[in-house]
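J.: Supplied in structure tokens, the structure appears directly below.
The values are calculated or read from the model by the stated rules, or taken from the named source; none is laboratory data. The structure displayed is predicted, hence computed values, not measured ones. With ideal geometry, Cβ positions are generated from the backbone for all residues, glycine too; neighbour counts draw on all protein chains shown.
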Amino acid sequence: MALGFRGDVADYYHRYRRGYPPEAFDVLAEVFGLTRDDVAVDLGCGTGQVTVPLAGRVRAVVGVDPEPDMLAHGRRAAGEQGLVNVSWVVGSDADVPALRAALGDGSVGVVTIGQALHWMRHDDLFDAVFPLVRSGGGVAVLTNGTPLWLQDADWSRALRAFLEEWLGTPAGGACGTDEESQARYRRSLTAAGFRVEVHGVDYTDTPDVESVVGGVLSALPADRLPADRQAFTDRIRHALEPHAPFTEHVHVTVLTGVKPTAG
Ligand SMILES: C[S@@+](CC[C@H](N)C(=O)[O-])C[C@H]1O[C@@H](n2cnc3c(N)ncnc32)[C@H](O)[C@@H]1O
């Protein structure tokens, strides 16, 4: 699985990707009735944007990701916060059957997937997760705003134009944030037996140019990172600066699938 979330990309991801607002975790706690007795699994956990805050609300979290460099950052961040209830596991969505064997059916309060479902086989995943979660628990699919280069703002259009010229290809996809993907995820959750709800958290942010450049570098596969980073970042700055401030209307979605109580 060569996705490229490694080396410098993992460093940029950890440093520049924003986390989720506390309200998103309030949604998880409320919808799934999470308590300090619950175990959570965070699939595609990356550097711990969901894993670490969630660990403060449940008994234990298992963070799963195929990229050791991403996990290393998460482990360090959790350690710095004194958290001792997170396990960082190299694995993928295909390992859910192994998690079932290790943890037991009905043992998990929530399986979270933050900004990562577009890398996974979601139909198979939701079927595999269903027996793993307890009644009233379930799956949460989170997205963390529209990609920087796809926003409805002049600075974002300038960024997109620059990236398309530099890379020689259309700028990347919507990473599961678009309505078509979301509708597919809702249908797939329903087909697997979950009761589906859509929640959202909206806020406005104004990242500085360094954060926008860092965000772009965190989204490029490791083998596409430009050798001359300085020239690349200078060119992005040059393209962006006339359009400051970089106002972002961030729409976080929390798609929840609750496992109904049997009987
Ligand atoms: C965009 S990052 C998301 C990180 C974090 N969850 C967040 O919300 O910011 C996507 C992560 O999914 C991981 N990933 C890719 N394919 C995966 C798969 N098949 N199963 C589990 N994780 C996967 C990548 O290694 C990467 O760390």
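J.: If you check A77 against the conditions, is it more than 22 Å from E23 (Cβ to Cβ), in the same structural domain as F126 (by TED's automatic domain parsing), over 15 Å from the mean Cα position of the chain (by Cα) and at pLDDT 95 or above?
T.: No; evaluated as a whole, the condition is false for this residue.
J.: I would also like to ask the following. Of all residues being within 21 Å of S107 (Cβ to Cβ) and within 12 Å of the chain's Cα centre (by Cα) in region 34-46, which is nearest to the ligand (Cβ to nearest atom)? Just the residue, please.
T.: G44
J.: What is the one condition in (1) in the same structural domain as M120 (by TED's automatic domain parsing); (2) aliphatic (A, V, I, L, M); (3) over 22 Å from P21 (Cα atoms) that V254 does not satisfy?
T.: Of everything listed in (1) in the same structural domain as M120 (by TED's automatic domain parsing); (2) aliphatic (A, V, I, L, M); (3) over 22 Å from P21 (Cα atoms), V254 misses just condition (3).
J.: Turning to a different aspect of this structure: Condition (residue is under 12 Å from the mean Cα position of the chain (by Cα), surrounded by fewer than 21 Cβ atoms within 10 Å (Cβ to Cβ), under 14 Å from A116 (Cα atoms) and near the ligand (Cβ under 10 Å from one of its atoms)) applied to region 4-15: is it met by at least one residue?
T.: Taking every residue of region 4-15 in turn, none turns out to be under 12 Å from the mean Cα position of the chain (by Cα), surrounded by fewer than 21 Cβ atoms within 10 Å (Cβ to Cβ), under 14 Å from A116 (Cα atoms) and near the ligand (Cβ under 10 Å from one of its atoms).
J.: A further question on this structure: Which is within 20 Å of Q81 (Cα to Cα) and small (G, A, S), of G48, G33?
T.: Working: G33 fails: within 20 Å of Q81 (Cα to Cα).
It is G48.
J.: So, R100, is that one more than 25 Å from Q182 (Cβ to Cβ) and in contact with a Pro (Cβ under 7 Å, 6 or more places away or on another chain) or not?
T.: yes
J.: Take the residues of region 47-59 that are crowded, with 19+ Cβ neighbours inside 10 Å and not in a helix (DSSP H, G or I): which is nearest to the ligand (Cβ to nearest atom)?
T.: Q49
J.: Scan region 83-97 for residues that are more than 26 Å from H251 (Cα to Cα) and either near the ligand (Cβ under 10 Å from one of its atoms) or within 18 Å of the chain's Cα centre (by Cα) (or both) and report the count.
T.: Residues in region 83-97 being more than 26 Å from H251 (Cα to Cα) and either near the ligand (Cβ under 10 Å from one of its atoms) or within 18 Å of the chain's Cα centre (by Cα) (or both): 10 in total.
J.: Of all residues in region 61-82, which are more than 10 Å from the ligand (Cβ to nearest atom) and surrounded by fewer than 17 Cβ atoms within 10 Å (Cβ to Cβ)?
T.: A72, R76, G79, E80, Q81, G82
J.: If we keep just the residues of region 98-130 that are under 20 Å from the mean Cα position of the chain (by Cα) and in a loop (DSSP other than H, G, I, E, B), which is farthest from R36 (Cα to Cα)?
T.: Once the filter is applied, the top-ranked residue is R121.
J.: Determine which single condition A29 fails, assuming it passes every other condition in (1) free of Cβ contacts under 8 Å to residues at least 60 places away in the same chain; (2) within 15 Å of the ligand (Cβ to nearest atom).
T.: Every listed condition holds for A29 apart from (2).
J.: Going by the structure shown, is A161 more than 22 Å from the chain's Cα centre (by Cα) and within 30 Å of P260 (Cα to Cα)?
T.: It is false that A161 is more than 22 Å from the chain's Cα centre (by Cα) and within 30 Å of P260 (Cα to Cα).
J.: Let me ask something else. Condition (residue is of a type in the set (D, E, K, R) and outside the structural domain of G44 (by TED's automatic domain parsing)) applied to region 133-154: is it met by at least one residue?
T.: yes
J.: From the list R186, R157, R237, which residue is in a helix (DSSP H, G or I) and in contact with a strand residue (DSSP E or B) (Cβ under 9 Å, 6 or more places away or on another chain)?
T.: Checking each option against the conditions leaves just R186.
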